[in-house]
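The values are calculated or read from the model by the stated rules, or taken from the named source; none is laboratory data. From a predicted model like this one, the values you see are computed outputs, not experimental measurements. Methodologically, a virtual Cβ is constructed for each residue, glycine included, from the backbone with ideal geometry; neighbour enumeration extends over all protein chains shown.
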Amino acid sequence: MVEAGDPSWVLTFTCADGPGIVAAVSGVLADNGGFILDSQQYADLETGRFFMRVAFKAAAGHFPADTAALRQAFEAVAERFGFDWQLAGAEERPRVLIAVSKGSHCLNDLLHRWRTGGLPVDIMGVVSNHPDLRRLTEWHGVPFHELPDGKAGQEAAILDHFERTRSNYLILARYMQILSPALSGRLAGRCINIHHSFLPGFKGARPYHRAHERGVKLIGATAHFVTDDLDEGPIIEQAVERVDHRASVDDLIRIGRDIEAQVLARAVRWVADRRVLLNGNRTVVFR
């Protein structure tokens, strides 16, 4: 019998596609009394890769009560099919470090969702190359760290805070500095960025002004993993909203900020829920 208080886990993995994968995983669960709560899978016929996410509970008196022992139950299947896999307790919250500059909209949204229980992460701190958002950050009870001058010093400080707090992800919540290839490589698959979706058409400063001059009809935002290719990493989430000739530059900026905050929050939440798996330069998102 499965009860509400029973421990639960999330298993995610990718491997070369082939027959018997789902049956093997389900067999391990069935043999040990596991109760599947949610199961999603995807076979990418272009790359020949298979992706799966399984959330399950342990029926009383069956599965071992700790994650380390539970991993042993899956070891044989994982080795047989060559899983690149993760197993985590459903209540385990990823630890995130947030980087910002002067824009407050994304940071304020993340902090509010986290403070009210809507974002299943542990925020370990906020780092910034400007002091402007210290008061907002500390009002929420989160440590704020102003970065030193100079790109090399700033990146060294970011990495130090990231590793010292044992963070799992770095969230660039409108951090207006380009990460070096060394840092983006060091944090591959662990760094999430948000930007307006005018790219690559309107790069650089004042993109909303130039978009207004061109009479754009769609305002959007993109959240993606950071890679060496600026703003071209694997996309996690996007959204758009229509505008028309009546929209001023200020209207575009306001709409764009709202969408950026929403898209980044969804991306962080999906990653925290272990719903995002990398697939080369794309992602598989089990919503």
Quick check: is even one residue across the range 138-161 assigned to a loop (DSSP other than H, G, I, E, B) and basic (Lys, Arg)?
no
Restricting the range 1-29 to residues that are surrounded by 12 or more Cβ atoms within 10 Å (Cβ to Cβ) and among the small types (Gly, Ala, Ser), which is modelled with the lowest pLDDT?
Ser8
Counting only residues in the range 230-242 that are of a type in the set (A, V, I, L, M, F, W, C) and under 16 Å from Leu172 (Cβ atoms), the one modelled with the lowest pLDDT is identified as Leu230
Checked the range 73-112 for anything in a loop (DSSP other than H, G, I, E, B) and either of a type in the set (Phe, Trp, Tyr) or under 20 Å from Gly20 (Cα atoms) (or both); matches are Gly82, Phe83
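Can you name every residue in the range 189-229 that is part of a loop (DSSP other than H, G, I, E, B), modelled with pLDDT of 95 or more and either buried (at least 20 other Cβ atoms within 10 Å of the Cβ) or not assigned by TED's automatic domain parsing to the domain that holds Arg257 (or both)?
Initially, the range 189-229 is screened for residues part of a loop (DSSP other than H, G, I, E, B), giving 189-190, 197-206, 215-217, 226-229.
Filter again for modelled with pLDDT of 95 or more, leaving 189-190, 226.
Selection gives Val226 alone.
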Those residues of the range 30-49 which are in contact (Cβ under 8 Å) with a residue 24 or more places away in the chain, surrounded by 13 or more Cβ atoms within 10 Å (Cβ to Cβ) and within 20 Å of Asn279 (Cβ to Cβ), in sequence order
Gln40, Tyr42, Ala43, Asp44, Thr47, Arg49
